[in-house]
1. Taking every pair of alpha-carbon atoms in the chain, give the share separated by more than 26 Å as a whole percent.
2. Looking at the chain, what % of its DSSP beta bridges pair antiparallel, to the nearest 5?
3. From the backbone phi of segment 196-203, what are the Karplus-calculated ³J(HN,Hα) couplings (6.51 cos²θ - 1.76 cosθ + 1.60, θ = phi - 60°) in whole Hz, Gly and Pro given as x?
4. Extent of segment 2-154 along each principal axis, from alpha carbon coordinates, in Å, largest to smallest?
5. Over the chain, what is the mean sequence separation of C-alpha contacts under 8 Å (at least six apart), divided by residue count, expressed as relative contact order in percent?
6. Please rank Leu303, Leu111, fewest neighbouring Cβ atoms within 10 Å first, as an exposure proxy.
7. Ranking request for peptides 135-148, 27-40, 217-230: highest mean number of other beta-carbon atoms within 10 Å first, then the rest in descending order.
8. Compute the length gained on full extension between Glu114 and Ala301: take 0.36 nm times their separation in residues and subtract their Cα-Cα distance, giving the result in nm to one decimal.
Amino acid sequence: MRVTVIGGGGAVGATVAYTLAIDRPALDVQICDVDGDAAWGHATDARHARLHASHPVGPDVSATGDVTTIDPGPEAVRGADYVVVTASVPRPEGGAERGGREAFWPGNRDLADEIAEWLRDAEPCPVVVVTNPADRMVSRLHDRSGWPCERFLGYSLSETARIADAIGRRADADPATVDCPILGEHGEHIVPAFSRATVDGEPLDLDATAREEILEYVRSVPYDVMDRRGRRDSSRWVTGRGASLVVESMLDGGTDDPICLATPLDGAYGIDGVAVSVPVVLSATGVDRVVEWELADDERAALEAAARAVREAI
């Protein structure tokens, strides 16, 4: 099995490549980036990190795959079993501010068109899209590549992790016991499904003030992380780990329960022609099916507003 990380020379892409290389020692990981030196450095370091298996304190590994580099172009995706897209133009003005994902769209739209050209002549495989703005990128890649919609998965699980942290701290509960899925756009139009929120399996009742404070935290905290780390950085660990887990779940055959990812919709939730995050069950080859939950009226309205925002932008 081979995973190609397009944009693997950057912070998030390198985190994805490293995580997959360590979690799945037998997997072939291929790093593609316009910065060939950075790609080579990350690939070499990750390959060496795997080889701690060669001494007594390392893990017991029967065989290891390779970690290599490849130049950008159609060959990067040809023959790949999975593709992760993290490539991006340099951070534009305003890209480090609240709502800054949208500032990447003019440059990354052209990048999406280029990658779609690569995909067009390759055999369709699952594509996990991390590049911002993810929903627009998924919509564009699907439209321009001609690949089936079920092959595209826009990454948006970081918000679910962040809201678990916020609710857990507020409820004095272990965040790992919190379940509050987030639908909508990966950005300002996120839609927490508070009507489905639970802590340790029990329904969670939050008043309007608490909901708004939690929503504000989830929207703002990635920019707070960026500000503290340095504005050339990002929340690379939660994103890189989450995107890797999406790939790993497909490597294991898929998921039994739905998770929220962005995929191009064809009538589900009354939405057609754009990608927003909705509950999906995964198979080894991408989206197995979209699950239509019963949502509260305000959640349904917010999801429709998110879809309109994506449609108007693309």
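Quick note: the coordinates plus some simple rules give every number you see, no bench work behind them. Computed from a predicted structure; not experimentally measured. Virtual Cβ from ideal backbone geometry, glycine too; neighbours counted across all protein chains shown.
1. Of the Cα pairs, 45 percent sit more than 26 Å apart.
2. Details: 21 of 40 bridges.
Around 50 percent antiparallel, to the nearest 5.
3. 10, 5, 9, 10, 6, x, 9, x
4. Extents along the principal axes: 50, 36, 24 Å.
5. Values: 639 pairs, mean separation 53.3, N = 314.
RCO, the chain: 17 percent.
6. On the way: Leu303 23, Leu111 20.
Lowest count first: Leu111, Leu303.
7. On the way: 135-148: 23.4, 27-40: 20.7, 217-230: 15.5.
Order by mean packing, descending: 135-148, 27-40, 217-230.
8. Details: separation 187, 0.36 × 187 = 67.32 nm, distance 3.41 nm.
Roughly 63.9 nm would be gained on extension.
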